[in-house]
Amino acid sequence: MTAAPADAARARATPAPPPAEGRLLREAVRRGRGPAALVLAATALGAAAAVTLPLALGRAVDLLIARADAGSWVLLCTALIATEVATDALVARTGGRTGAATTAWLRRRALAGFLAAPPAATTGTGLPTRLTANALDAGTAPVAAATAAAAGLAPLGGLAGLFLVDPWAGAAFVCGVPLLLLILRALLRDGRAALTTYQEEQGRMARLLTGALSGAATIAAAGTVRAEERRVLAPLAGMRAAGERTWRVQGRAAGLSGALMPLLVAAVLAVGGVRLVAGHLTPGDLLALSRYAVLAAGAGALAGALNGWVRAKAGTARVETVTALPPTPHGTRDLPPHGDGTLALHGVHVTRDGVPLLDSVTLTLPGGTTTALVGPSGSGKSLLAAVAGRLTDPDQGTVLLDGTDLRTLSADALRHAVAYAFERPALFGATIAHAVACGPLPEPDLRRALRRAAADTFTDRLPHGPRTPLPEAPLSGGELQRLGLARAFTRPTRLLILDDATSSLDTVTAHLVARALTDTPGTRLTITHRLTTAAQSDQVVWLDRGRIRGTGPHSVLWRDPAYRAVFGAGAGGDAGAGADTVTDTGARRRSDVRTDVSNDVRTELPADMRTDLHTGIRTDPRVDTGTGAAE
């Protein structure tokens, strides 16, 4: 059964263009528009109270000086002050809640975009920094927009109040407004550029640190701690320069506005004093002028509001680089029922940075068989495994599972049909059981998966068995791989792909896992450097420089000296040498295997297993191993 032309055409459709820059910022602001509107209304109400208060205070002072009844005006002043306090508290509470909710939404959105994108597109995204510091800044966007929009209400009201009480005092203040506008413009222009550079350098250092921590043991063993420190801290120079520039811009804006505002207030009071002496103003008017001058001088607070908006924009731009990653497109089809897991690759070609990594790969894995994928480092084995299960798409060619193009399958159908186990599996969840199950899983199925991966031998010895919390279960490399294999065994699949997933297992455990794989339904593709694995497979695919150099039984390929060299065997090697594991020190002989396996272990194994350990070859009539195994 082949994919329908219409489905294949849809799968190959040109991906949608990337979203316009700033789209995520607009979405974040729209998402928080309700709370932002409340913040805007509360700020406006507080500004109205602040603008009304000087008039009420001036009137109350004039009445008190005249020994008239000022009780109602005093009550009005009290109400206005209470309104200011209440609106400030409402803005702070709403802003905090909205910022937290928006930050959580942005983090979920970024994580979803990261997971939906092909792995090749996520390299170097610096996700941890974007999900933490950048998302925190971006989460303030709705409230920062409302605050910036409303920040000018009180200063404008103060300026209007100056002209209302005395136009000459208002004119004195207006003389300094152009200079203030220039200061704010410089803050917006230079501040964002400096802050963006700082965040980029911060992300770069986070990526370097994450890589160094993951290789801490290697660094310690190589004695290169000082060199790694210098490498990880290299972005500090750029961070320092960008940070100093940011603080210079903000400091200059704050300093200039801080010096300008008191001068303007002094000018207003000087004009007001002259007008008071001339009899044009009352003491209450002068008090009102002083209050309005302070409100108008609050235009300097615009710098803080605008700086918050700049930080929100810069943070959102950083998060948007992850949310805008092009997702892997999926179709809507399901696999045909009762398929045996036959995998076929036709003319697969993959290029990265102009370099062909897979070149015209055409290959068929018959359903229900085991295929070993071998080749030197850098030959493209992991990339071919990724293409086979659609962790990435080929630039050219098709990949069919039971005759269906993988690109036409729905996401659920694809992930239920294909399972992976990796060399360094990542475990997620509170306990080992959660990490293996990856969702609801009956206890018998969990136990069965652990047993098939030979992981129950150490999980049962943990304090709480498989329910032991992950932090309380230090795992060796081999134990970690066995849990990764158990996770792949938790559900029946049509295609099981092992990307060097048994490299850290000892000989006995690897043999136990190999027997479990033989009983696994579906098709199995395993990347391996082990001779035993290649010898026990139904077929071997020999990959070299992105091309298939040979396909067939291990015993046939073993006649080629170049194939033997893949496993470190010399020109004089024989097929029997292919019966055990190759390590970094070269191929080992079968006699070494018998020495490695203790007598106690061999005695506890069934008779057929002891025979298999002795020969190192699976006695399967379908496989001609060339070792004298019975057919």
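Please compute the length gained on full extension between A100 and D353, using 0.36 nm multiplied by the number of residues separating them and subtracting their Cα-Cα distance.
So the chain would gain 87.1 nm between A100 and D353.
At a 1.4 Å probe radius, carbon and sulfur cover how many percent of the accessible area of the range 30-161?
C and S fraction of accessible area: 70 percent.
For a quick protection proxy, order the peptides 381-391, 196-206, 71-81 by their average other-Cβ count within 10 Å, most packed first.
381-391, 196-206, 71-81
Please report the net charge: other residues with Cβ closer than 13 Å to the Cβ of V541, K and R +1, D and E -1.
So the environment of V541 carries a net charge of +2.
Over the C-alpha atoms of the range 349-493, what are the Rg and the largest Cα-to-Cα span, Dmax, in Å?
That works out to 17.6, 52 Å for Rg and Dmax.
Taking amide H positions as placed 1.01 Å from N in the peptide plane, with prolines and chain starts having none, which residues 5 or more places from I527, or on another chain, fall under 5 Å of its amide H?
Hits under the 5 Å cutoff: L373, L498, D499, D500, A501.
According to the square roots a ≥ b ≥ c of the eigenvalues of the Cα gyration tensor, what is the shape class of the range 37-131, taking rounded for a/c under 1.5, prolate for a/b larger than b/c otherwise, and oblate for the remainder?
prolate
Along the Cα-to-Cβ line of A217, 7 Å from the Cα, sits a label point; which residues in the range 447-475 have backbone N less than 17 Å from it?
471-475
Report the label-to-label distance for T468 and A160 in nanometres (one decimal), using points 7 Å from each Cα along the Cα→Cβ vector.
So the two model labels end up 7.1 nm from each other.
Which value, in Å², gives the accessible area per residue of the range 284-423 when a 1.4 Å probe is used on the protein heavy atoms?
Result: 36 Å² of accessible area for each residue.
In a shell of Cβ-Cβ distance under 13 Å around A68, excluding A68 itself, what net charge do Lys and Arg (+1) and Asp and Glu (-1) give?
Net local charge, A68 excluded: 0.
Over the Cα atoms of the range 296-383, Rg to Rh with Kirkwood Rh, two decimal places?
1.35
Could you pull out every residue, at least 5 positions away or on a different chain, whose amide H is within less than 5 Å of the one on T282? Hs are placed 1.01 Å off N in the peptide plane, and Pro or chain starts have none.
It is none; the list stays empty.
If R0 is 51 Å, what FRET efficiency do you get for T457 and A193 from their C-beta distance, rounded to 0.05?
0.30
Could you tell me which of rounded, prolate or oblate describes the range 454-526, using a ≥ b ≥ c as the square roots of the eigenvalues of the alpha-carbon gyration tensor, with rounded for a/c under 1.5 and, failing that, prolate when a/b is larger than b/c and oblate otherwise?
Prolate, because a/c is 1.5 or more and a/b exceeds b/c.
What FRET efficiency comes out for A562 versus S377 if R0 is 22 angstrom and r is the Cβ-Cβ distance? Round to the nearest 0.05.
The calculated FRET efficiency here is 0.90.
What is the local net charge at L401, summed over the other residues whose Cβ is closer than 13 Å to its Cβ (Lys, Arg +1; Asp, Glu -1)?
My count for the surroundings of L401 gives +1.
If each of V74 and D445 carries a label point 7 Å out from its Cα toward its Cβ, how far apart are those two points in nm?
Inter-label distance under the simple model: 7.7 nm.
Pop the C-beta distance of E229 and A411 into the FRET formula with R0 = 41 Å and round what comes out to the nearest 0.05.
0.45
Please give, to one decimal in nm, the separation of the simple spin-label points placed at R108 and R67, each 7 Å out from Cα toward the Cβ.
The modelled label-to-label distance comes out at 6.9 nm.
Using a/c under 1.5 as the rounded threshold, could you call the range 137-178 rounded, prolate or oblate? The axes a ≥ b ≥ c are square roots of the C-alpha gyration tensor eigenvalues, and prolate needs a/b larger than b/c, oblate otherwise.
The shape class here is prolate.
The values are calculated or read from the model by the stated rules, or taken from the named source; none is laboratory data. As the structure is a prediction and not an experimental result, all values here were calculated from the model. Because the Cβ atoms are built from the backbone with ideal geometry, glycine has one as well, and the counts that use them run over all protein chains shown. Just so you know, the surface numbers come from the protein's heavy atoms only, side chains and all, with ligands and any DNA or RNA stripped out. Shrake-Rupley method; radii C 1.70, N 1.55, O 1.52, S 1.80 Å.
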